[in-house]
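Take a look at the structure set out below.
The values are calculated or read from the model by the stated rules, or taken from the named source; none is laboratory data. Only a predicted model underlies this, so the values are computations on that prediction, with no experimental measurement involved. Heads up, the Cβs are rebuilt from the backbone with ideal geometry, glycines too, and the neighbour counts pull from every protein chain shown. Accessible surface is based on the protein model in full, side chains and every heavy atom, while ligands, DNA and RNA are left aside. Shrake-Rupley method; radii C 1.70, N 1.55, O 1.52, S 1.80 Å.
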Amino acid sequence: MEIWDTVPVARTALFVVHNGTTLDRLLDVAEVFAGDLRVRIVATSDLSDPFAEGLPELVAKVGLATVPWSEATRNRYDLIVSASHHGPLDELRGPLLTLAHGAGFGKYAPGSRSVFGLDAEWLLDRHGRPLAAALGLARPYELGAAADTAVVVGDPCFDHLVRMNAERAQDTVVITSTWGNRSLLGVSPQVIDAVVGAGYDTRLILHPNIWARHGEHQVRLWLRNSLERGLTLVPPLRAWRRELATAGYVIGDHGSVTVYGAALGKPTLLAAFPDDQVVPGSPAHRLGELAGRYDPGIPVDVQLDKATGHRELTELVTAVPGEARARLQATCYRLLDLEEPEC
C-alpha cells in the first residue's frame, strides 16, 4: 500500500483498453470485483489501436483510474485483463486473461484470412508459447498449442442482455452498423432514412470504431436529415444495451449487435452482409444463413412483419448461458491467487 492510498487493497488488476469496444467488455469484467475491497482496478493503453482516438477521454468518463503505458510496463500486476489480442501485450508482467470483445470470432483480421483472436498469431508469443495464462472463451474452440489455457467463461454481455430483455416496443426499430466499408452504414445508409420515413421510432447503434474514426460531429452531419426527422443516435458505450433489449425489431449487418439482437428473439433483417468477410461456423455466419435480407424495393412495414428472431443462435453465442459472471469471477480470482468473496 502506498502512502496516498485510502483502501489497503491486496491485489491490483490492470485492464488493457484498446478502443471503445474493448472498454465496454472490460466493464463487464469489472463487475466480478464489485464489493471486494481487496481488489483495485487500474486501466492503461498504449494508444496504438487504429481506433484509439478519444480513448483517454472515454476511459475518464467511465471513471476508471489510469496509469500510463510506460508505468504499466515497469510494474508487475496480480492480474492483467485484455478484451483484444493485439498490441504489445507481451510487454506487461503478470498473469494475462484475454477475452473476445464481441459475439464470438466472426471476422478476419483486416487484409488477411486470419481469424482475429482465434488463430495462432493472436494466441502465441514469438517463441510459440501461449501469450495468456487464461484464454476466456464463450464456447469451446480448437486452439492447438494454446488449448491448455482455454477456459469457457461464457459471454457476459449476452447474459446481461438476456437479463435486461423486456417486452418488445412494437414500433421501435434498432438499426445497427458495425465498422468498415461493407457494413450497413458503408453500403446501405439509405435504410436509416427509409425506416424513419416509415414512421417507426428508430434508434441507430453505430460501432464505437465509427465514432472514433470519424468523430461525433461528422457522424451527426452525415445523419442530419434523419436526425431532424426523429432518428435517435445511441451513444457508443453501454447505452446500446438497453436500446437493443427493448427493441421491437433489428435491422443490421454482420456485427455483434445484430447477432445479439437476433439471438434475443428480435425479428431481424440484414441490410448488409459481406459473406466473404464472415468466418464460417461463427454466430455471424449462421445469422447470415437464417435471417431475411432487407429489400429497398419493398415497404419497410411489410418486411418487418415477415422478419423473425433466431434464438437458436444462443448456442453459438455462449455454451453456458447465464453463467458468465460466476465463471469469470472464478477465473479472475484463480489468477489473482485470492479466495472468491462469499457473496
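Within the shell defined by Cβ-Cβ distances under 12 Å, the residues around L231 carry a net charge of +1, with Lys and Arg each +1 and Asp and Glu each -1. In plain terms, the chain from L47 to D193 could stretch by 49.1 nm, reckoned as 0.36 nm per residue minus the Cα-Cα distance. A cut-off under 11 angstrom between Cβ atoms defines the neighbours of V250, and their net charge, with Lys, Arg +1 and Asp, Glu -1, is +1.
Once the Cβ-Cβ distance of R40 and E228 is raised to the sixth power relative to R0 = 56 Å, the FRET efficiency obtained is 0.75. Cα centroid separation, segment 161-210 to segment 303-343: 24 Å. Computed from backbone phi with θ = phi - 60° and the Karplus coefficients 6.51, -1.76 and 1.60, the 3J(HN,Hα) list for segment 126-133 is 5, 9, x, 9, x, 6, 9, 6 Hz; x is used for glycine and proline. Treating each Cα of segment 18-71 as one equal point scatterer and applying the Debye formula with no solvent, the log10 of I(q)/I(0) at q = 0.20, 0.29, 0.32 Å⁻¹ comes out as -0.74, -1.30, -1.41.
For the chain, the per residue solvent-accessible surface stands at 45 Å², with DNA, RNA and ligands left out and a 1.4 Å probe.
Summing +1 for each Lys or Arg and -1 for each Asp or Glu, what net charge is found among the other residues whose Cβ lies under 10 Å from the Cβ of R11? Summing Lys and Arg as +1 and Asp and Glu as -1 gives -1. The candidate values are (i) 179; (ii) 137; (iii) 125; the one derived from this structure for volume of the Cα convex hull per residue in Å³ carries the label (ii). The sum of -39500 (n - 2.57) across all DSSP H runs of n ≥ 4, divided by the residue count of the chain, sets its helix-only mean residue ellipticity at 222 nm to -8500 deg cm²/dmol. Listed by chain and number, the lysines whose alpha-carbon sits under 27 Å from that of K266, ignoring those within fewer than 8 places in the same chain, are K107, K306. Of the accessible area of segment 136-278, computed with a 1.4 Å probe over protein heavy atoms only, carbon and sulfur atoms account for 47 percent.
Given a Förster distance of 51 Å, report the FRET efficiency between D5 and N165 from their Cβ-Cβ distance, rounded to the nearest 0.05. The pair D5/N165 has a calculated efficiency of 0.80.
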